[in-house]
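Data block below; observations after.
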Amino acid sequence: MNFNELNLSQALLRAVGELGYTEMTEIQQESIPLLLEGRDVVGRSNTGTGKTAAFGIPAVESITEADRKSAVVLILCPTRELAMQANEEIRKFAKYKEGVKTSAVYGGASMEKQIHELKRGANIVIGTPGRVMDHIRRRTLKLDSIRTVILDEADEMLNMGFREDIETILADIPEDRQTVLFSATMPKEIMAITEKYQRDPVHIKIKSAQRTVELIEQFYFEVAMGRKTDALKLLLTAYKPSSAMVFCNTKAMVDQLTDELVKSGFRAAGLHGDMKQIQRTQVMNSFKGKAAEILVATDVAARGIDVSGVDAVFNYDLPQDNEYYIHRIGRTGRAGRTGTAYTLISGRRQLYDLRAIEKYIHAEIREMPLPEKSDIIAMKKESMIKEISEAQAGHNAYDILDRLAARGIDYREAAARVIEKQLRAETEALPDLENARPLRKGRNSGAKTARIVINIGRNRRIAPNFILGALVDATGMTGKDFGKIDIYDEHTTVEVPEAECDYIIESSDSMKINGNKVEVKLYKGSPYAERGRSRRPDGKPVFDRKKAAYGNRKKSEIYSDYIPNRKNVLKKDIEVI
Ligand code: ADP
Ligand code: MG
């Protein structure tokens, strides 16, 4: 169905046409007519399916001459970027329509400017729940004339802890209103909001993940422990995406990876919620303008961001949630274009997690071998041949060649030296993963066990779950792969499958537990056994679980440095914007 089959004003049709939209997407077809009628709607549809227009077009159309003074449409979005993006898009729809004034209100930006815009009679207000609440408290935003309230990415807003703000806002808006909710998933909390705040809503569900995912080719690479950064550099060099996004799970990882990529000569920029708004805007602009070719980001910072022409998405870390995988890879292959998604995995546990994602999305993620340095050199040779055969030489170059010849360096030799220099410059810094340790597969369970010893114990107030967490993290194995953990005063022993012993010791090379760098070795008899205090008279180790777990520290302190992994990421690492 085309937009011009809708009963839209000329002003809107003209603006939509100018944006190059002719045919509506499914969610638009289903929801726009209902929204124009004023119905309450719950819309579920994947990322990249045009939800902004689905609610933005009816919102703009609903503005009348009489709405010159106050906010009549309120749109809540989970992040500043999304609020800015929705605002920009809605302004485009409003281009030819008189009297529409929009204002985006989000944290980290000048309150004065926002107040000014609100006072000047913004009738469509788009904001993050936190900042919207601020304006309500200051009475710079009044809710009494709101006719339509739209929750965009409602599930994400709840995930981010905005529930209370959202409920307060909804409860304060006059009851005689239209309530619209878009969400990728429908957890109970959303159902509860729907029941409590919507009136006879129409549920629209556009078929599952496939739509976005089908257009995206998905691959994964097995990478030796600790070599993901090197692997990523090889991949970026081999595939040369002109615009790529790289996802990490923590802000610290975003910073670290961005630094490393920049040092290796990639035009990379990082994006996460700890950055000032102005920096974030700069980063987004340079990525959109293709000045930065690689955007390294956390999920929340990148959520819903719509940049056209992203040709590859890299999952440096596996997402913490299967749904995020879809959101991430949905950054490429937008609006019907194709794209590629690459996921880096280390260790068996990540392989299991990847399999779970495959099931969840009902699509295949195929394994690919990592490109080797020699492959890349071969590719560079090809591209140099092409480059040189298409290049032109000027008289300065011939002059140099002649003068070199006068010194006994003939043309062939001179050309070879120049080529060598360029080839080296382009490939010397490339990491070499050819000798990196491969992942172990297919450990047979019930196999023989051995023990490893870690030089940390009760003296450092270690709890078994700290040890286990660190080992699982370092090896990519699962908790079940490890056996009994005995904590002594100054050391700890852990039962491990014998076949994996060397692998575990190698992988734990730079492991830290509770902030302490530790050494992991094969346990041979007991160099520590003579320490009588660690043993009971019957020879069993003394183990005061409570003391071992918490020592004299408060529980909150202990949990605050729990080791991040996919299941339990540090609270402080989770983005809240
Ligand atoms: P979502 O919110 O569902 O993730 P967006 O609203 O960000 O998706 O839209 C994704 C992209 O599709 C945007 O670039 C938008 O301009 C484009 N788009 C939306 N509707 C249409 C349409 N009917 N025809 C062509 N492109 C569209
Ligand atoms: Mg959206």
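Calculate, for segment 216-367, the solvent-accessible area per residue in square angstrom, rolling a 1.4 angstrom probe over the heavy atoms of the protein chains.
Accessible area per residue, segment 216-367: 35 Å².
Suppose the chain between Lys421 and Lys196 were pulled fully straight at 0.36 nm per residue; how much longer would it get relative to their current alpha carbon spacing?
Gain in length upon complete extension: 74.1 nm.
What list of whole percents do you get for P(r) of the chain, with Cα-Cα distances grouped in 20 Å bins up to the one holding the largest distance?
The percentages, shortest bin first, are 18, 42, 29, 11, 1.
Specify the angular offset, from 0 to 90 degrees and rounded to the nearest 10, of the alpha carbon long axis of helix 348-361 from the longest principal axis of the alpha carbons in the chain.
Roughly 20 degrees, rounded to the nearest 10.
Please identify the GluC sites (Glu not before Pro) of segment 328-416 that satisfy two criteria: DSSP loop assignment and at most 16 other Cβ atoms within 10 Å. Which are they?
In loop regions of segment 328-416 (DSSP not H, G, I, E or B), the sparsely surrounded GluC sites (Glu not before Pro) are Glu364, Glu372.
Hey, got a sec? Which GluC sites (Glu not before Pro) in segment 110-205 land in a DSSP loop and have at most 14 other Cβ atoms within 10 Å?
Within segment 110-205, the qualifying GluC sites (Glu not before Pro) (loop, at most 14 other Cβ atoms within 10 Å) are Glu175.
If R0 is 51 Å, what FRET efficiency do you get for Lys188 and Ala238 from their C-beta distance, rounded to 0.05?
Values: r = 45 Å, r/R0 = 0.88.
With R0 = 51 Å, the Cβ-Cβ based efficiency is 0.70.
Please give the calculated 222 nm ellipticity per residue for the chain, where each DSSP H segment of at least 4 residues contributes -39500 (n - 2.57) and the sum is spread over every residue; nearest 500 deg cm²/dmol? Before the final figure, lay out the partial values.
Values: 23 runs with 235 residues, N = 577.
Result for the chain, helices only: -12000 deg cm²/dmol.
Using a Förster radius of 45 Å, what is the FRET efficiency between Lys381 and Lys92 based on their Cβ-Cβ separation? Nearest 0.05, please.
0.45
Please determine, in degrees from 0 to 90 and to the nearest 10, the orientation of helix 26-37 with respect to the longest principal axis defined by the Cα atoms of the chain, where the helix direction is its Cα long axis.
Approximately 40 degrees, to the nearest ten.
In whole percent, and with a 1.4 Å probe on the protein chains, what portion of the accessible area of segment 216-367 is carbon and sulfur?
Summing carbon and sulfur atoms, their accessible area is 48 percent of the total for segment 216-367.
Taking loop as defined by DSSP and a crowding limit of 10 other beta carbons within 10 Å, which GluC sites (Glu not before Pro) in segment 16-101 fit? Provide the component values of the computation, followed by the final result.
Values: sites: Glu18, Glu23, Glu26, Glu30, Glu37, Glu61, Glu65, Glu81, Glu88, Glu89, Glu98; in loops: Glu98.
Sites meeting the loop and neighbour criteria: Glu98.
Note the angle between two axes, namely the Cα long axis of helix 80-93 and the longest principal axis of the Cα atoms of the chain, as a number of degrees from 0 to 90, rounded to the nearest 10.
30
Report, in whole Å, the centroid distance computed from the Cα atoms of segment 39-101 and segment 188-265.
26
Can you give the Kirkwood hydrodynamic radius for segment 373-427, in Å, rounded to one decimal and based on Cα pairs?
12.4
Set Lys and Arg Cβ to +1 and Asp and Glu Cβ to -1, take the dipole of segment 373-427 about its Cα centre, and tell me which of Ser383, Asn396, Val418 lies farthest positive.
Val418
Quick one: if you stick a label point 7 Å off each Cα along the C-beta vector at Ser9 and Asn285, how many nm between them?
Those two pseudo-labels are separated by 3.1 nm.
Hey, which of these cross-link pairs are over 24 Å Cα-Cα: Lys205/Lys288; Lys240/Lys512; Lys51/Lys97; Lys448/Lys524; Lys188/Lys359; Lys51/Lys119? List each step's numbers first, then the result.
Values: Lys205/Lys288 31 Å; Lys240/Lys512 35 Å; Lys51/Lys97 21 Å; Lys448/Lys524 15 Å; Lys188/Lys359 22 Å; Lys51/Lys119 28 Å.
Beyond 24 Å between Cα atoms: Lys205/Lys288; Lys240/Lys512; Lys51/Lys119.
The values are calculated or read from the model by the stated rules, or taken from the named source; none is laboratory data. Treat the numbers as computed from the prediction; the structure is a model and nothing was measured. Cβ coordinates were reconstructed from backbone atoms using ideal geometry, including for glycine residues, and neighbour counts include every protein chain displayed. For accessibility, only protein heavy atoms count, side chains too; no ligands or nucleic acids. Shrake-Rupley method; radii C 1.70, N 1.55, O 1.52, S 1.80 Å.
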